[in-house]
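Derivation of every value follows stated rules applied to the coordinates shown; laboratory data play no part. Bear in mind the structure is a predicted one, so any value in this text is a computation, not a measurement. Cβ placement follows ideal geometry from the backbone for every residue including glycine, while neighbour counts extend to all protein chains displayed.
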Amino acid sequence: MKILLADDMPMNVELTVKLLTRRGHNVVAVEDGQQAVEQFKSEPFDVILMDVQMPVVDGLQATRMIRKHEAEQPTPSHIPIIARTAN
């Protein structure tokens, strides 16, 4: 499975990437919501793991931007987006 991970906490990213790659998944990690939107537009993913609180664009706004982009496509998709938070 190809997974987009959006999280600004290096420790969370490291742990999540390690766990998912050990299970055979391909993980692309980005640090903020704007990068998540750009990465989503540039290549296909099976699922997005989205931190809620991130700099530049937060996870909720990034999710809205992704949903808007999906709706504007000739063949709209609806990728699963799973919200994450850790404080």
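Can you confirm whether GLU43 is exposed (fewer than 12 other Cβ atoms within 10 Å of the Cβ), closer than 17 Å to LYS2 by Cβ and of a type in the set (Asp, Glu)? Answer is yes for this residue. Residues of the stretch 1-40 that are touching a strand residue (DSSP E or B) at 6+ places or on another chain (Cβ under 6 Å), free of Cβ contacts under 8 Å to residues at least 40 places away in the same chain and of a type in the set (A, V, I, L, M): VAL13, VAL17, LEU20, VAL27, VAL28, ALA29, VAL30, ALA36. Pairs linking a residue in the stretch 66-87 that is touching a residue at least 40 places away in the same chain (Cβ under 8 Å) to a residue that is part of a loop (DSSP other than H, G, I, E, B) and surrounded by 14 or more Cβ atoms within 10 Å (Cβ to Cβ), with Cβ atoms under 9 Å and 6 or more positions apart or on different chains, are ARG84/ASP7; ARG84/VAL52; ALA86/ASP7; ALA86/MET9. Checking each residue in the stretch 12-27 for being among the β-branched types (Val, Ile, Thr) and surrounded by fewer than 18 Cβ atoms within 10 Å (Cβ to Cβ) picks out VAL17, THR21.
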